[in-house]
Amino acid sequence: MKKSKPSSKKSIKSRQGRIAPRQGTSSQKPKQRWIKFVFFSDNHGNMEDTSCTDALVSFMDRFNPDYRIHGGDGFDIKALRKGAEGKDVNDSLEEDIRQGIEFIKRTKPNVYLFGNHEDRLFKTMESSGSGIIRDYCKEIIDYIVSTLKDVGCKIIKPYHAEEGTFQLGPVVFCHGYSANQNSVKEHAIHYAPNGGACVIGHLHTIMQANAKRHKGVVGFCAGWLGKQRTAGYAKNHLNTSTWGNGWCYGWIKGKEWKILQAHKVGGRWVAPIDFDIE
Ligand SMILES: [Fe+2]
């Protein structure tokens with residue numbers, strides 16, 4: 001069979017591209033710019049505090065981040081909690097799903113990292129003895145994923161300690177895989193590259209922890225976006241006093257990074273967006 005010849009136009013173009021780069025560009029590195037991101041997490045379906053979402057959406061309109069990273073637990077899925085009983089088991093998931101979906105539509109994440117609460121759907125889908133329950137879980141997962149795709153989310157990661165991370169240069173993002181006093185530090189040591197940072201949700205606490213490692217690593221926890229006093233089964237636990245509403249955001253260029261925590265002070269949101277070290 002005769003091979004078709006590439007068109008002469010194409011071959012000239014590609015030769016020119018290899019042999020004769022535009023003047024002045026051959027020895028210059030492409031100029032890096034600061035990449036902006038926002039990491040928000042843990043709105044927990046119908047436990048969401050919509051006033052936090054209002055603040056987050058208006059912040060993102062002004063900040064105009066390159067990456068809008070949802071850190072997971074966007075749905076609570078109470079009924080499928082291990083050990084759930086009484087009201088939690090019997091309550092419909094309808095409102096939880098409706099509000100979690102509405103949150104995705106408003107915040108338009110382009111990265112979504114599933115949390116342990118969404119993972120209840122995946123676990124139940126794999127393990128339930130009831131075909132109807134397995135089908136229902138699959139339907140909800142499909143609904144969440146198709147909504148994410150509709151808002152332009154191209155990166156969706158499972159709740160998985162190896163596969164569930166997203167990295168931008170020296171900063172690694174994930175939902176969180178342990179919940180104790182040292183978790184923020186522990187995640188930084190585990191995931192952040194030397195001199196970098198790790199940002200998690202999961203703990204609902206606004207926190208920063210510098211960890212001991214060569215060149216240093218820093219952990220951040222973004223807080224959560226739920227209603228502080230109505231957190232269902234969690235309302236009787238002392239550690240809920242450490243919870244706070246907020247999100248993380250920042251700038252990354254090469255190995256450089258700066259991360260800030262947005263939260264309320266005196267009833268007002270504080271989240272400066274000026275960044276001027278050029
Ligand atoms: Fe979580």
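The values are calculated or read from the model by the stated rules, or taken from the named source; none is laboratory data. Source: prediction; values computed, not measured. Please note: Cβ atoms are built from the backbone with ideal geometry, for glycine as well, and neighbour counts cover all protein chains shown.
Overview of values
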read-out: Given (1) surrounded by 19 or more Cβ atoms within 10 Å (Cβ to Cβ); (2) without any contact (Cβ under 8 Å) to a residue 40 or more places away in the chain, index of the condition N194 fails; value: (1)
read-out: Residue in the stretch 65-82 that is away from the ligand (no atom under 15 Å from the Cβ), without any contact (Cβ under 8 Å) to a residue 24 or more places away in the chain and either under 13 Å from the mean Cα position of the chain (by Cα) or over 22 Å from C174 (Cα atoms) (or both) present; value: yes
read-out: Strands (runs of 3 or more DSSP E) wholly inside the stretch 94-202 containing at least 2 residues that are within 16 Å of the ligand (Cβ to nearest atom) and modelled with pLDDT of 95 or more; value: 111-113, 197-200
read-out: Within the stretch 204-217, tally of residues that are in contact (Cβ under 8 Å) with a residue 40 or more places away in the chain and touching a helix residue (DSSP H, G or I) at 6+ places or on another chain (Cβ under 7 Å); value: 0
